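One structure is given below, encoded as structure tokens.
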Amino acid sequence: MIFETHAHYDDAAYDEDRDALLGSMQENQIEYIVNVGASLSSTAASIALAEIYPFVYAAAGVHPSETAALNEKAFAQLEKQCAHKKVVAIGEIGLDYYWEEPAHEIQKVWFARQLELAKNMKKPVIIHSREAAKDTYDILAMHNAKEIGGVIHCFSYSVEMAEAYIKMGFYIGIGGVITFKNAKKLREVVTAIPIERILLETDCPYLSPEPKRGSRNSSQNLPYIAQKIAEIKGMSYDEVVSITKRNARQMYQI
Ligand code: NI
């Protein structure tokens with residue numbers, strides 16, 4: 001059965017059928033789900049889902065695009081959320097330079113603070129990094145993130161960057177993009193890195209794999225991603241599913 005390492009079931013896209021959908025995961029071969037926070041409110045919603053469903057775990061964190069809302073009071077609240085027993089990681093945190101706002105300096109400050117929080121809590125980090133490869137790497141190195149490790153989620157950089165992050169103890173998160181025709185660079189990454197460093201993720205409701213591209217995503221589309229990785233690496237589907245599950249359980253300590 002499959003380990004979904006990155007989902008957002010608190011999203012309004014699931015308001016109509018959230019319980020039915022989550023209730024059908026296990027019969028559809030999805031064994032574990034980590035629901036990832038992107039703000040204080042989505043972290044609270046992630047924890048609430050983890051309290052209802054035994055197979056759902058939560059990550060607590062503030063996404064770089066949401067960091068303008070942070071201050072000391074909010075950060076203290078985040079610290080409390082991180083201590084919940086079903087919070088298995090700090091995330092998603094990082095840098096997103098695709099957008100001009102918030103200013104890069106603000107993003108960097110709160111990325112660093114949340115990294116230190118993860119180190120204090122001894123929990124791995126889920127990294128969101130877009131068009132910010134070098135700054136992300138430098139900040140992780142400066143804060144000795146090797147101590148805690150984690151995943152570079154929805155990986156979009158080069159083979160060289162993937163290898164550098166792996167050397168730092170990180171996993172590489174692979175999602176629906178791997179099934180897209182124009183994903184040549186990502187296919188090269190999957191070819192080059194060992195399966196022992198890959199995690200399966202959807203980032204749902206976004207980024208549905210082919211042949212479901214354009215529709216609402218869910219963890220039940222993970223088989224398309226596992227199948228594509230199996231093809232690229234010349235492995236069986238079952239091997240990809242079982243090794244990536246082992247990787248995720250090791251990282252999240254589940
Ligand atoms: Ni996400």
| query | When the stretch 61-75 is examined, which residues are found to be part of a loop (DSSP other than H, G, I, E, B) and within 15 Å of the ligand (Cβ to nearest atom)? | reply | Gly61, Val62, His63
| query | Got a number for residues in the stretch 227-250 being of a type in the set (A, V, I, L, M, F, W, C), under 23 Å from Gly150 (Cβ atoms) and out of contact with any strand residue (DSSP E or B) (no Cβ under 6 Å at 6 or more places or on another chain)? | reply | 3
| query | Which residues, counting only those in the stretch 208-220, are under 21 Å from His128 (Cα atoms) and either part of a helix (DSSP H, G or I) or at pLDDT below 95 (or both)? | reply | Ser219
| request: May I ask you to list the residues in the stretch 142-162 that are free of Cβ contacts under 8 Å to residues at least 40 places away in the same chain, in contact with a strand residue (DSSP E or B) (Cβ under 7 Å, 6 or more places away or on another chain) and more than 20 Å from Arg113 (Cβ to Cβ)? | output: Phe155, Ser156, Ala162
| Single residue of Ile126, Ile166, Ile172, Ile139 found to be assigned to a strand (DSSP E or B) and without any contact (Cβ under 8 Å) to a residue 60 or more places away in the chain | Ile172
| Checking Asn221 against (1) crowded, with 18+ Cβ neighbours inside 10 Å; (2) free of Cβ contacts under 8 Å to residues at least 24 places away in the same chain, which test does it fail? | (2)
| query | In the stretch 85-105, which residue that is within 12 Å of the ligand (Cβ to nearest atom) and of a type outside the set (A, V, I, L, M) is nearest to Lys119 (Cα to Cα)? | reply | Gly91
| request: Test Ile30 against the criterion of being surrounded by 18 or more Cβ atoms within 10 Å (Cβ to Cβ) and within 14 Å of Cys82 (Cβ to Cβ), and give yes or no. | output: no
| request: Count, please, the residues in the stretch 124-144 that happen to be surrounded by fewer than 24 Cβ atoms within 10 Å (Cβ to Cβ) and either in contact with a helix residue (DSSP H, G or I) (Cβ under 8 Å, 6 or more places away or on another chain) or not acidic (Asp, Glu) (or both). | output: 11
| message | If I filter the stretch 19-42 down to residues being touching a helix residue (DSSP H, G or I) at 6+ places or on another chain (Cβ under 8 Å) and assigned to a helix (DSSP H, G or I), which single residue comes out as nearest to the ligand (Cβ to nearest atom)? | response | Leu40
| request: Look at the stretch 189-203 and say how many of its residues are in contact (Cβ under 8 Å) with a residue 40 or more places away in the chain and either within 16 Å of the ligand (Cβ to nearest atom) or of a type in the set (Gly, Ala, Ser) (or both). | output: 5
| request: Starting from residues that are under 20 Å from Ile139 (Cα atoms) and small (Gly, Ala, Ser), keep the ones in the stretch 64-118 and report whichever is surrounded by the fewest Cβ atoms within 10 Å (Cβ to Cβ). | output: Ala103
| request: Assess whether Ile139 counts as being within 16 Å of the ligand (Cβ to nearest atom), at pLDDT 95 or above and of a type in the set (A, V, I, L, M). | output: no
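The values are calculated or read from the model by the stated rules, or taken from the named source; none is laboratory data. Everything numeric here is computed off the predicted structure, so don't read it as measured data. Cβ coordinates were reconstructed from backbone atoms using ideal geometry, including for glycine residues, and neighbour counts include every protein chain displayed.
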